[in-house]
Structure formats: structure tokens, C-alpha cells
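Trainee: One structure coming up, written as C-alpha cells, with questions to follow.
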Amino acid sequence: MRLLVWSGIVCGMLLGCAGSNAARKDEAQEPVPAAEQEAPPTPVTPPEKKAPSPAAEAEGQEPAIVMPLEVTETPAPRDPLFIESQSVKGNVLTLHVRHGGGCKEHRYGLAWDGRFTKTAAGEPRAELTLIHDSNSDRCKALVYKDLAFDLSTLKQEWSEKGHGDHATLHLDFNGVPEQSASFKF
């Protein structure tokens, strides 16, 4: 008889515990109001890639969209940006740049004040300003980007100012002499 009573008590306790655990599981499965949920991180989607040109494919590079040179009296560089390397092929200047960010879309541009000056050695020079708008991106990742700009405006202005159709222009970027290139046409 004692065994029967004890068995009943133990079974009652086990069923009672199992019932309260089931109730807790139901409570845990109730949806949390949207205001109390944390928003999931926004995924960063890379921009669509164009099919590489045969030349870019041969060099193992991504194709770059060629942006125009902006002519403005007072170009300002805005957000920090470092030029890793530069090259000129034909009328296209390609800059490999680096900057901080990674969470927002950045905008780039190249501006020129419309004047030709001379270097200390007397070579013709165009001072260019690389424009970078980080869109207030405070992320800490290092972003590397290839930027391409059309320099035909420089060539056209040089010719229109009576300097002829051929020259080698010294290109200075953001007033940093170590970051320069030559544009031969």
C-alpha cells in the first residue's frame, strides 16, 4: 500500500512538473512585440559587376566605370582617401584607392580648377582634386577601389588654349607631390 501511495505522489509530482514545463515552453514561444526585437544587421550587398572587357580580363582586373572630369573653380577633397597607385592609358586615368568604411555606399569624383600651371622644373601641370564622399560611413573596414576618369577634357582645354595637340602634362592629386602621374597625348 505504501508503494502505491508513494507511486501516486511521485507520478503526480512528475506530471505537475511536466505540465509546468510545457506551459513555460508555450510562454517562450510567444512572439516578442516588434518594438522589443532587435533589428537584424543590414547585409551589405556588393554592386553588380559588369562583364570584364578583354583587356581587363587579360590583366586580371575588374572593369571600372569611366567617370568624367569635373571642372570647377574651387574643388574640395571632402573625406579622407589614399591613392595606392595610378596609371594612364590613352585618355583614361585609373586610380587604385584605399579608405575606411564598408557599411555605406561611397561617391567619388575627380575635379580640376581649369588652370594649367608649371612644375618647379617648368613642365606643364594640372592640379586635380580627388573627391570622396563617405556618406557618413563610420565603419572601420579598409575599402580598396579602382576608379577610372576620362581626361579628354584636359586634352581639349590644352588644345583650345593654343598649346597644340600634343603634350605631356604632369598630374598632381590633392596637392600631394608623391601622388602624381603623367598624361601624354
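Trainee: Could you please state, rounded to a whole Å, how far the C-alpha centre of region 142-160 is from the C-alpha centre of region 67-110?
Mentor: If we compute the Cα centre of each part, the gap is 9 Å.
Trainee: Just to be sure I understand the model, the point goes 7 Å from the Cα along the line to the Cβ. What's the resulting Val176 to Ser159 distance in nm?
Mentor: 3.3 nm
Trainee: Shifting gears a bit: Please compute the modelled spin-label separation between Lys104 and Arg138, points set 7 Å along Cα→Cβ, answer in nm with one decimal.
Mentor: Between Arg138 and Lys104, the label points sit 1.0 nm apart.
Trainee: Suppose accessible area is computed on protein heavy atoms with a 1.4 Å probe; arrange Val97, Val88 from highest to lowest. Working shown, then result.
Mentor: Numbers: Val97 0, Val88 40 Å².
I get Val88, Val97, largest accessible area first.
Trainee: Of Lys145/Lys184; Lys89/Lys140; Lys118/Lys140, which sit over 30 Å apart, Cα to Cα?
Mentor: On the way: Lys145/Lys184 24 Å; Lys89/Lys140 33 Å; Lys118/Lys140 39 Å.
Exceeds cut-off: Lys89/Lys140; Lys118/Lys140.
Trainee: Spin-label point model (7 Å from Cα, Cβ direction): what's the Thr117 to Glu73 distance in nm?
Mentor: Taking the two extended label points, one gets 1.8 nm.
Trainee: Only sites in a loop by DSSP and with at most 14 other Cβ atoms within 10 Å count here; which GluC sites (Glu not before Pro) in region 67-105 make the cut? Write out the running numbers ahead of the final one.
Mentor: Working: sites: Glu70, Glu73, Glu84, Glu105; in loops: Glu73, Glu105.
Here the GluC sites (Glu not before Pro) that fit, given the DSSP loop and packing criteria, are Glu73, Glu105.
The values are calculated or read from the model by the stated rules, or taken from the named source; none is laboratory data. Note that this is a predicted model, so its numbers are computed, not measured. Note that we place each Cβ from the backbone using ideal geometry, even for glycine, and neighbour counts take in every protein chain shown. To get the accessible areas, we keep the full protein, side chains included, count just its heavy atoms, and leave off ligands, DNA and RNA. Shrake-Rupley method; radii C 1.70, N 1.55, O 1.52, S 1.80 Å.
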